[in-house]
Amino acid sequence: MDAMKKAQKYSFRVQYSEEDGGYIALSPEFPGLSAFGETLEEAIRESETALELFIEAYSEQKKPLPEPNVLKEYSGQIRARLPRSLHERLAQRAEEEGVSLNTLMIQLLRDGLSLTKTRDAYESIFQEFIQSYKTPKK
């Protein structure tokens, strides 16, 4: 299979960069692979070119290609092993709140993810704030 056909299986995340004044494309399967474009389309074209070069380099070095990230379907069910003490605490709290253990765990996971997202947003704002004071004013 040639590099172009292999490249079609891999994914990219494209985000706008205020600092760079353009779009940055990153491939989660190939750490270090990034491409820039002033437009979204240009970033995607550049990322495809960079990916083909990465695949050719892997081939020349006889390195195995990483597995592509493909869309997955999720059943909505997981099985988690917990320490007995944690299981007990969760079950007691669910009973206190008058909900099932499943409902409580979903609420806790959702709340934890929301807090993480909020923390990350505040961290980003804080870093921008710090950078604005480090950058000399003209």
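The values are calculated or read from the model by the stated rules, or taken from the named source; none is laboratory data. Source: prediction; values computed, not measured. We place every Cβ from the backbone using ideal geometry, glycine too, and count neighbours over all the protein chains shown.
Test S47 against the stated conditions and say whether it is in the same structural domain as E18 (by TED's automatic domain parsing) and either modelled with pLDDT of 90 or more or out of contact with any Asp or Glu (no Cβ under 7 Å at 6 or more places or on another chain) (or both).
Considered against the rule, which asks whether it is in the same structural domain as E18 (by TED's automatic domain parsing) and either modelled with pLDDT of 90 or more or out of contact with any Asp or Glu (no Cβ under 7 Å at 6 or more places or on another chain) (or both), S47 comes out as yes.
Can you confirm whether segment 100-112 contains a residue that is outside any helix (DSSP H, G or I) and within 28 Å of S11 (Cβ to Cβ)?
Scanning segment 100-112, I find no residue that is outside any helix (DSSP H, G or I) and within 28 Å of S11 (Cβ to Cβ), so the answer is no.
Just give me the residues in segment 50-76 being hydroxyl-bearing (S, T, Y) and in contact (Cβ under 8 Å) with a residue 40 or more places away in the chain, in sequence order.
If the condition is that a residue be hydroxyl-bearing (S, T, Y) and in contact (Cβ under 8 Å) with a residue 40 or more places away in the chain, then S59 is the only one that fits.
Count, please, the residues in segment 26-49 that happen to be free of Cβ contacts under 8 Å to residues at least 24 places away in the same chain and either in a helix (DSSP H, G or I) or surrounded by 13 or more Cβ atoms within 10 Å (Cβ to Cβ) (or both).
Adding up the residues that qualify gives 11.
Suppose the filter is of a type outside the set (S, T, Y), in the same structural domain as I24 (by TED's automatic domain parsing) and on the phi < 0 side of the Ramachandran plot; does I55 pass it?
yes
Can you confirm whether segment 76-84 contains a residue that is among the polar types (S, T, N, Q) and either part of a helix (DSSP H, G or I) or modelled with pLDDT of 90 or more (or both)?
The answer is no, given that none of the residues of segment 76-84 is among the polar types (S, T, N, Q) and either part of a helix (DSSP H, G or I) or modelled with pLDDT of 90 or more (or both).
Would you be able to say whether some residue in segment 100-112 is surrounded by 10 or more Cβ atoms within 10 Å (Cβ to Cβ), among the β-branched types (V, I, T) and in the same structural domain as S34 (by TED's automatic domain parsing)?
Checking segment 100-112: not a single residue is surrounded by 10 or more Cβ atoms within 10 Å (Cβ to Cβ), among the β-branched types (V, I, T) and in the same structural domain as S34 (by TED's automatic domain parsing).
Among the listed residues E97, E46, which satisfies the condition of being under 23 Å from R13 (Cβ atoms) and acidic (D, E)?
When all the criteria are applied, what remains is E46.
Among the residues of segment 57-75 satisfying the criterion of being at pLDDT 90 or above and of a type in the set (D, E, K, R), which is nearest to I106 (Cα to Cα)?
K63
Name the one entry in R89, R79 that is loosely packed, with under 12 Cβ neighbours inside 10 Å and either free of Cβ contacts under 8 Å to residues at least 40 places away in the same chain or on the phi > 0 side of the Ramachandran plot (or both).
On inspection, the qualifying residue turns out to be R79.
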